[in-house]
Each structure stands twice: as structure tokens, then as C-alpha cells.
Amino acid sequence: GEGVPLVFIHGSLLDYRYWQREVAHFSCFYHAVAMSRRHHWPNAPSGNFQYNAVEHTDDVISFIEQLNLGPVHLVGHSYGGYIAGRIACLRPEILLSLTLMEPGGPIEGELKGRSRAEDHLLGAALVREGDTAKGVAHFLDTVCVEPKWKDGSEDYRMMTLANAITVTEQVLEVRPTLVANDLAKVTCPVLLMIGERTISPFPETLDRLQEIIPHAQRVTVPGASHMINIDNYAAFIKELGDFLQMQHQSHN
């Protein structure tokens, strides 16, 4: 598409193909771009590798700068939402707006929700041992509730299997905590998005972000769990589209 850039960042076990329908839709109105993060298909890791949020953040910043399109609307889901939050703190001048879809990372001062660490470690161990499908299913089913991984589309399941190796190192990472004072200084328009049926710790994370960023808007997508845009595509498209359109109108 053409016009104002709109960049999508995916979460764990995914890649740029996760946003295929969204890019097709929004390219009618924006210069819509989806990227695959480091180590994610088709950026297959070779040999030993480390999974590092600081590195991923730098990658996305560099990617946005190399687009040479000016400030962007940034949409991040899960781990990608955490990266998007880091970017908003570090480089606010490259953002027109920020959409955080159930970001997956520590926020200073948030109430302690249910940790998924043990579930993720077990999923990663299964992948490492060669039981890839079972490991991927366990990793995702413990955060997505319904539908189960096995009930997803073939394209979705094949995409997650293609990125299975990433979780073996991701689970070893200690992600830096997003600092409340830094988040409080985010001045661009912010949309916080959560699924109606999502589970802990994502509601606790969204609650804390809403406390820290007083101008942030919050929407709950009906019937959706963690994979918000898959679980209720129509509602997701409408909510994000309305938010982006509001920013466009405010600039004109």
C-alpha cells in the first residue's frame, strides 16, 4: 500500500505470515508492513544462538529506520508487544501511535499474575527432545486456552512448527523490566488491546499499563483469547481501524 506506514510485530513461535490478512486489509489505507524478528522464519538460526530482547528491540528500530518512511504506527502482539513497548520508551520520535496487544514482558509495579514459566520450559524441553508438535502445542495452549493448537488452521500450525526452535532459547532469557517512569513519558496515542477470554498474567499487565499511561485507550475484543486477531478477526480489524482513523483525523 501507500501512505502512512503501519508496522506489525509478531509474538512467540510466529513470523510475518501471522499478519497476512491484516496487511492485505490495511494496505488499502496505509503502507502496511509485517516483519519477521531475528531467528524467526525465514531467518533461521544457525548453530548455537541466544534470544535477547535488547537485540530484538534494536533490530526493529533499525528495520523502521531503514524503511525511510518517517514515524510509523506500531502494532505489537505478545512478545512483539513487549518489544513495541520498549521502543516507545527508547525511541518515541519514530512512532505515530502504539498498539499493544497483550504484551508479554515484565512491567514495573504490576500485580503478580500466574507465571507461565514452567509451562514454557516444558514446551521448550519437548521441542529440544524432538517432540516438536507436542512442545509447540503445550507452549501455546497454556496461554491461548481455546481454540487449542490442534484446532488451528493448517497454515497457523505449520508456521508455529517452523519457528519451534526459537522457544528453546527464548525460555532461557531474562527480559528487562519496562520501567514505569519511562512508560509514563510515552506521549503518542496508545491503544491497549485484550481478549475477553484471556488468562493471567495478561490482564494484570494491561491493568498496570493503563495505570501508567493515563491517556491510553483500552478495548476488550469479544470472544477472543490471546491470539486476538485470529480469534475475532472482524472485531480486531474494526478496533484497530477506528483507532488509526482517529489519529489520522486528529492530524488533519
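The values are calculated or read from the model by the stated rules, or taken from the named source; none is laboratory data. In this text, all values refer to a predicted model and were calculated from it rather than measured experimentally. All Cβ positions, glycine included, derive from the backbone under ideal geometry; neighbour counts span all protein chains shown. Heads up: the accessible areas ignore ligands, DNA and RNA and are worked out on the full protein's heavy atoms, side chains in. Shrake-Rupley method; radii C 1.70, N 1.55, O 1.52, S 1.80 Å.
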Contact list, first residue from region 168-189 and in contact (Cβ under 8 Å) with a residue 24 or more places away in the chain and of a type in the set (Ser, Thr, Tyr), second anywhere and open to solvent by 40 Å² or more (accessible area, probe 1.4 Å) and not in a loop (DSSP other than H, G, I, E, B), beta-carbon distance below 9 Å, six or more apart or interchain, is Thr168/Arg128; Thr187/Pro92
Within region 97-109, does at least one residue satisfy the condition of being acidic (Asp, Glu), open to solvent by 10 Å² or more (accessible area, probe 1.4 Å) and not in a helix (DSSP H, G or I)? yes
Filtering region 42-83 down to residues that are touching a Gly at 6+ places or on another chain (Cβ under 6 Å) and either more than 14 Å from Pro176 (Cβ to Cβ) or surrounded by fewer than 15 Cβ atoms within 10 Å (Cβ to Cβ) (or both) yields His77, Ser78, Gly80
Under 6 Å between Cβ atoms, which residue pairs at least 6 apart in sequence (or on different chains) link something in region 215-234 that is over 30 Å from Lys185 (Cα atoms) with a partner that is aliphatic (A, V, I, L, M) and open to solvent by less than 10 Å² (accessible area, probe 1.4 Å)? Asp231/Ala224; Asn232/Val221; Asn232/Ala224
What residue, among those in region 19-41 that are assigned to a helix (DSSP H, G or I) and touching a helix residue (DSSP H, G or I) at 6+ places or on another chain (Cβ under 7 Å), is nearest to Leu95 (Cα to Cα)? Glu22
Of the conditions (1) under 18 Å from Thr166 (Cβ atoms); (2) over 16 Å from the mean Cα position of the chain (by Cα), the single one that Gln66 does not satisfy is (1)
